[in-house]
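In what follows, a structure is listed as C-alpha cells, so that the remarks can point back to it.
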Amino acid sequence: MHDQNTGTQRAFGLSRRSLLRFGVGGAAAGLMAGCAAPQSTVTFRQQTDPAFRSPQSPSAGLTRRSAFYDEIYGAKPDELFPLPAIPYWEIDPIYLRQEVADPTGERPGSIVVDTSQRFLYLVRENGRAMRYGVGIGRQGFSWSGRAIVQWKKKWPTWTPPAEMIAREPELEKYSADNGGMQPGLDNPLGARALYIFQGGEDTLYRLHGSPEYQSIGKAVSSGCVRLINQDVCDLYDRVPAKTPILVR
C-alpha cells in the first residue's frame, strides 16, 4: 500500500519470522502490494455477558444482541465522517473485541497479529491482552516480521501503489499524481491507519479500518490488516507511535 503521507512507491519485503509460544505453524512472507480497492456503494470485561454465549467454534453465533456490544459497535456521530453502527450480530463472536489471556509472550504494549487465527492482540499487563478480529491479505499479498508503528493518522488519504494500478487501471484516478483518494466512509483505509516501518523503511503495510465488517476473519485484502472501524478507533487511542509490532 502507498499513501501520500509516505511519499514512497516501493514495496519492501520483510523476512520470515516465527512467533514463539503461539503454538501454530509458520506463515509465508511475501511482498505487500496495497490494501483492497474501494467498494461501491473503560476496561473491557471478559466474556461473561449473559446476552451472548461463549463461542466454542467458528460456527458459533450470538444468541441475541448484547447491550455491551451495542455500545462498543454503536454509531460514532462525532467522527469527521460519522460512522454508522455495525451489525455485530452478523459477525462470528470470536472476532468481536474482548479481553483475553495473552497467548503471545510479548512485552506489554506490543501488537501481535496472528494471521492464521485472524486475531490482533494488544498485549497488556498481568498476562492479559485486548483481542480484535481482523481481515488479512490474500495469499501472495501478506508478509510477516517485526517492525514498529512509525506513526498513525485519523481519516487518512489512500493512494494505491503503481503495482496495484497496473493490475487495476481504473484506480489511476487515485494515483499519487492525482492526489489519492480523499478520506471518507468509502476510503479503503477507513477511519484510522497505523503505518508500519522496519529499519526506518516504510513497509507499505498498514493496520487500518474498514466499513466491510463482513470481511473480518477472512483473507481478502491486498496485504494490509483491516479492522472494524470502531475497533481501529479503539486501537488507535491505545497505542502510541513507535509501538512494536509482530506479524506472523
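At-a-glance table
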item	result
Single match in VAL100, VAL113, VAL134 (criterion: farther than 18 Å from GLN214 by Cα and under 13 Å from the mean Cα position of the chain (by Cα))	VAL113
Scope region 119-144; condition in contact with a Ser or Thr (Cβ under 9 Å, 6 or more places away or on another chain) and surrounded by 19 or more Cβ atoms within 10 Å (Cβ to Cβ); matching residues	TYR121, LEU122, VAL123, ALA129, VAL134, GLY135, ILE136, GLY137, PHE141, SER142, TRP143, SER144
Residues being at pLDDT below 50 and among the polar types (S, T, N, Q) - total across region 49-90	4
Selection from region 123-148 of residues that are part of a loop (DSSP other than H, G, I, E, B) and charged (D, E, K, R)	ARG124, GLU125, ARG138
Matching strands (runs of 3 or more DSSP E) fully within region 177-248 where at least 1 residues are touching a Gly at 6+ places or on another chain (Cβ under 6 Å) and surrounded by fewer than 19 Cβ atoms within 10 Å (Cβ to Cβ)	219-221
Failed item in (1) outside any helix (DSSP H, G or I); (2) out of contact with any Leu (no Cβ under 8 Å at 6 or more places or on another chain), with PRO156 passing the rest	(2)
Answer residue from region 106-122, given it is of a type in the set (D, E, K, R) and in a loop (DSSP other than H, G, I, E, B) and is farthest from VAL239 (Cα to Cα) among those	ARG118
Qualifying residues in region 78-105 (those that are touching a strand residue (DSSP E or B) at 6+ places or on another chain (Cβ under 8 Å), part of a loop (DSSP other than H, G, I, E, B) and of a type outside the set (D, E, K, R)) - the one surrounded by the most Cβ atoms within 10 Å (Cβ to Cβ)	LEU96
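The values are calculated or read from the model by the stated rules, or taken from the named source; none is laboratory data. Since the model is a prediction, treat every value here as computed from it, not as a measurement. In this analysis, Cβ positions are derived from the backbone assuming ideal geometry, glycine residues included, and neighbour counts consider all displayed protein chains.
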